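A short write-up of the structure that comes next.
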Amino acid sequence: MTSPIDIEGGGTSAVVDGAPQPQEKTEGGKHEGRSPGQLMWLRFKRDRTGVICAWVVLGYFVIAALAPVIAKLYGKDPYILYGQDPEYIAENPVLDDFGLPLGYFGGVSGEHWFGVEPQFGRDVFTMLLYGMRTSLYMALGVTTLLMLTGVLIGLVGGYFGGKTDYFLGRVTDFFLSFPQQLFFIAFMPVVTAFFVDPRDETPTYFRALAILIVLWLLGWMGMARLVRSTVLSLREREFVEAAKVAGASPWRIIRKEILPNVVSPILVQFTYLLPSTILTIAFLSFAGVGFVEPTPDWGRMFATGARVAEQDPAFMFFPGVALVVFVLCFNLLGDAVRDALDPKSGR
């Protein structure tokens, strides 16, 4: 329920769910209310941490999208083995006789800003750019599929109830019974071997498709349960009953009355699910069942870093910092979005 109250300075404030929300005074002395989306945006802008994190996250996606352009301007390629190119070595030696980077902190120099990879001499900066691109956009696609599947199943099961809800609930329980991390490792080789001859090299696009399918099949259940529980609390509300009495079809009620009211938990869950998906994709590559040589990927860089940690501990520094900053900022962004969507948060 919304009601206006007077505030200092001649303005008014709307009370939404017990929390006062400001209203703007327009020309002619009239007061104009704000939509829930506008109120959410105002609360979010007041959260400096959330705004900074949003810019950082946006910067990651922009940098990942422009990775080929940045690499071209930088003058390096993530696939070239600079440590094994005789012409390049003659002018700019990057590895010593043991295959370790020459110079300070993993070979950091004006030619290679983040150093070079041990043994092969690939440029770490461009590997990180392309690795971010692989991980971020792969995770974005997987998360979008998870959200769509979970929302659809949760809406249908929660609204229709009965046998429909029972059947969808048992399907959800069945997929939840799989040990996810172990199943990721065990199922990935099965998927690739089913379609690709083991004697042939698996194409990168097929590995990406296999990762997407496996993560999609085993990741939508949490979102489905969240949406279902929310819909169960909404379907008996007065505005839903009024829509039924007015003769609205079930799908119209779901689309017009229920779905707008579950957008908030869906959006918050999305901000937590995407960084979790990035870590899962990195874990698959780290375990050797995700992306492999020579595809740049965060997880593969960590696997290489773990292998050479004693000889070249600097190799893992830059990809590690980049991943920690991204996950931290995205989680803080999720907290800020949750607070902005909650009118009782006081922000």
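Points to keep in mind about this one:
- Residue under evaluation ALA314, criteria (1) surrounded by 16 or more Cβ atoms within 10 Å (Cβ to Cβ); (2) in contact with a helix residue (DSSP H, G or I) (Cβ under 8 Å, 6 or more places away or on another chain); (3) not acidic (Asp, Glu), criterion not met: (2)
- Qualifying residue in the stretch 300-317 (condition: touching a Ser or Thr at 6+ places or on another chain (Cβ under 8 Å) and over 24 Å from SER109 (Cβ atoms)): yes
- Members of the stretch 239-274 that are touching a residue at least 24 places away in the same chain (Cβ under 8 Å) and of a type in the set (A, V, I, L, M, F, W, C): ILE253, ILE254, ILE258, LEU259, VAL262, ILE266, LEU267, VAL268, PHE270, LEU273, LEU274
- Scan the stretch 218-234 for residues that are surrounded by fewer than 18 Cβ atoms within 10 Å (Cβ to Cβ) and either touching a Phe, Trp or Tyr at 6+ places or on another chain (Cβ under 7 Å) or on the phi > 0 side of the Ramachandran plot (or both) and the total you get is 0.
- Flag for ARG300 being in contact (Cβ under 8 Å) with a residue 12 or more places away in the chain, in a helix (DSSP H, G or I) and either surrounded by fewer than 19 Cβ atoms within 10 Å (Cβ to Cβ) or in contact with a Cys (Cβ under 6 Å, 6 or more places away or on another chain) (or both): no
Here's the yes/no breakdown for (1) open to solvent by less than 60 Å² (accessible area, probe 1.4 Å); (2) modelled with pLDDT of 85 or more; (3) under 25 Å from PHE187 (Cβ atoms); (4) in contact with a helix residue (DSSP H, G or I) (Cβ under 7 Å, 6 or more places away or on another chain):
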| position | (1), (2), (3), (4) |
| --- | --- |
| ALA243 | yes, no, no, yes |
| ALA248 | yes, no, no, no |
| TRP251 | no, yes, no, no |
| ILE258 | yes, yes, no, yes |
| SER264 | yes, no, no, yes |
| LEU274 | yes, yes, yes, yes |
| ILE281 | yes, yes, yes, yes |
| ALA287 | yes, no, yes, yes |
| VAL308 | yes, no, no, yes |
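- Flag for LEU209 being open to solvent by less than 70 Å² (accessible area, probe 1.4 Å) and either of a type in the set (A, V, I, L, M) or touching a residue at least 24 places away in the same chain (Cβ under 8 Å) (or both): no
- Residue ID - nearest to ALA224 (Cα to Cα), chosen from residues in the stretch 176-197 that are in a helix (DSSP H, G or I) and open to solvent by less than 50 Å² (accessible area, probe 1.4 Å): PHE184
- Scanning the stretch 71-123 for residues that are over 18 Å from ARG307 (Cβ atoms), open to solvent by less than 60 Å² (accessible area, probe 1.4 Å) and of a type in the set (D, E, K, R) gives LYS76, ASP77, ASP85, ASP123.
- The C-beta contact set for the stretch 116-130 (first residue farther than 10 Å from PRO296 by Cβ, second residue crowded, with 24+ Cβ neighbours inside 10 Å and of a type in the set (Lys, Arg), distance under 8 angstrom, 6+ apart or interchain) comprises VAL116/ARG122.
The values are calculated or read from the model by the stated rules, or taken from the named source; none is laboratory data. Quantities reported herein were computed from a predicted structural model and do not represent experimental measurements. Cβ atoms come from the backbone with ideal geometry, glycine included; neighbour counts cover every protein chain shown. Ligands, DNA and RNA are stripped out before the accessible areas are found, and what is left, the full protein with its side chains, is counted by its heavy atoms. Shrake-Rupley method; radii C 1.70, N 1.55, O 1.52, S 1.80 Å.
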